[in-house]
Amino acid sequence: MKTMPWKRVLVTTLVAGLLMQAATALLWTNALTARIILTPEFGQSQKLINVWTMWTPLPRITLQPSWPMITGFLLFTLLHVLVYCRLEPLLPGRGWAGKGFSLAIGIWIFQYGYFEFFTPFNQYWEPVHLIAYELLLQGIMAIVEGLAIARLSSMTAQDREQ
């Protein structure tokens, strides 16, 4: 098991979490994604459109800045860092990049995949092609976070050896 000092765990969490938040903002708050996800033009369910645009209270993430969501995502990143520290030797892949992609696949499947199946598909009747688009965006977010965690973790190991 890889041990990392708590200070380094927190720094890794903050850096990886902020990078993931930046990727999230770029991917989800642009005009193209809003048009694809929040209009009926591409077959979106009216129920999902109403939840995100009309029915109050609107989702917490629509608040600016959305401190509850930012804090929650940072806590998820902390958990991802701790999981990586624990499972890094068991993750497939060579070097930090391979292991970072492995972590990203785990995040994508177990966090985003579950969410998309349970909430948009199940509760909001979102069409499968829009879920696929959202999973693509979330895959990019997971890759950014997974690679950042793995890289910062590998730098930590190099620092200890010097």
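Here are a few things to note about the model shown:
- Residues 36, 61, ranked from the fewest to the most other C-beta atoms within 10 Å, line up as 61, 36.
- FRET efficiency, residue 63 to residue 86 (Cβ-Cβ, R0 35 Å, nearest 0.05): 0.55
- Residue order for 141, 155, fewest other beta carbons within 10 angstrom first, comes to 155, 141.
- Label-to-label distance, nm, for residues given as residue 53 and residue 31 (7 Å Cα→Cβ offset): 1.6
- Note on residue 128 and residue 46: the model spin-label points, each 7 Å out from Cα along the C-beta direction, lie 2.5 nm apart.
- Averaging Cα coordinates gives a centre for the range 1-34 and one for the range 40-69; these two points are 22 Å apart.
- Of the residues 27, 103, the one with the fewest other Cβ atoms within 10 Å heads the list, and the complete ranking is 27, 103.
- GNM flexibility winner over the chain from 45, 66, 102 (Cα, springs under 10 Å): 66
- The slack between residue 71 and residue 97, meaning 0.36 nm per residue of separation minus the straight C-alpha distance, is 6.7 nm.
The numbers here are math on the coordinates, done by the rules we state, and not lab data. Quick caveat: nothing in here was measured; it's all calculated off a predicted structure. Because the Cβ atoms are built from the backbone with ideal geometry, glycine has one as well, and the counts that use them run over all protein chains shown.
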